[in-house]
Amino acid sequence: MLGLAIGGSAAAIRWWPPAAARHTPARTTRQALAAEPPLQRNPLVQLVAHTRGGYRDGSYTGPAFSAYYGWVQVQANIRGGSLVSVRVLRYPSDRSTSRRIAHIALPRLEREVIRAQSAHVHAVSGATLTSDAFLRSMDAALRRAAS
């Protein structure tokens, strides 16, 4: 119900939702699922699942990218066709703020790219420039591992 009072007067406009929108006893979850058509398999999702992690074994180093206060460069270590570890070769460390940002952001980025098996992950908030440089270097390293 929606009510409206104008200028303190007692007049009000009332609105009631249509009957279809009013509360009605809900079907059980099982009944609702039984009434839905079955989900169709998406061939694109299957393609991504089969191609993820198809890297050549070895260590691949990406180029260094500027993070404004310094450079970030990473090495991707591939075993069994999957990214198993990341080694940060260079990162901004000459200022205490840079060291603090790197200490927080780099381990998170390492975990995320290993989990995703890709450099296509979100940047760490508060470490945008470091994240961008890390992910660009990682993307280049993984492209080398894929070709």
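The values are calculated or read from the model by the stated rules, or taken from the named source; none is laboratory data. Since this is a predicted model, take the numbers as computed values, not measurements. Quick reminder, even Gly has a Cβ in these numbers, built from the backbone with ideal geometry, and neighbours come from all protein chains shown.
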| request: May I ask you to list the residues in segment 98-126 that are loosely packed, with under 15 Cβ neighbours inside 10 Å and either closer than 12 Å to Ala67 by Cβ or within 17 Å of the chain's Cα centre (by Cα) (or both)? | output: Pro107, Arg111, Arg115, Ala116, His120, His122, Ser125, Gly126
| query | When you go through Ser93, Ser125, Ser118 one by one, which is the residue that is in a loop (DSSP other than H, G, I, E, B) and under 15 Å from Gly54 (Cβ atoms)? | reply | Ser118
| said: So for segment 57-68 (the condition being among the charged types (D, E, K, R), at pLDDT below 95 and part of a loop (DSSP other than H, G, I, E, B)), does at least one residue qualify? | reply: no
| query | Which one of the conditions (1) part of a helix (DSSP H, G or I); (2) in contact (Cβ under 8 Å) with a residue 60 or more places away in the chain; (3) not aromatic (Phe, Trp, Tyr) does Gln73 fail to meet, given that it meets all the rest? | reply | (1)
| remark: Counted residues in segment 127-147 being of a type in the set (A, V, I, L, M, F, W, C) and either free of Cβ contacts under 8 Å to residues at least 24 places away in the same chain or farther than 18 Å from Ala64 by Cα (or both) come to 1
| task | List the number of the failed condition for Ser131; all other conditions in (1) at pLDDT 95 or above; (2) among the small types (Gly, Ala, Ser); (3) surrounded by fewer than 17 Cβ atoms within 10 Å (Cβ to Cβ) hold. | result | (3)
| request: Could you tell me which numbered condition Val72 fails, if it satisfies all but one of (1) within 19 Å of Thr61 (Cβ to Cβ); (2) in contact with a Pro (Cβ under 9 Å, 6 or more places away or on another chain); (3) exposed (fewer than 14 other Cβ atoms within 10 Å of the Cβ)? | output: (3)
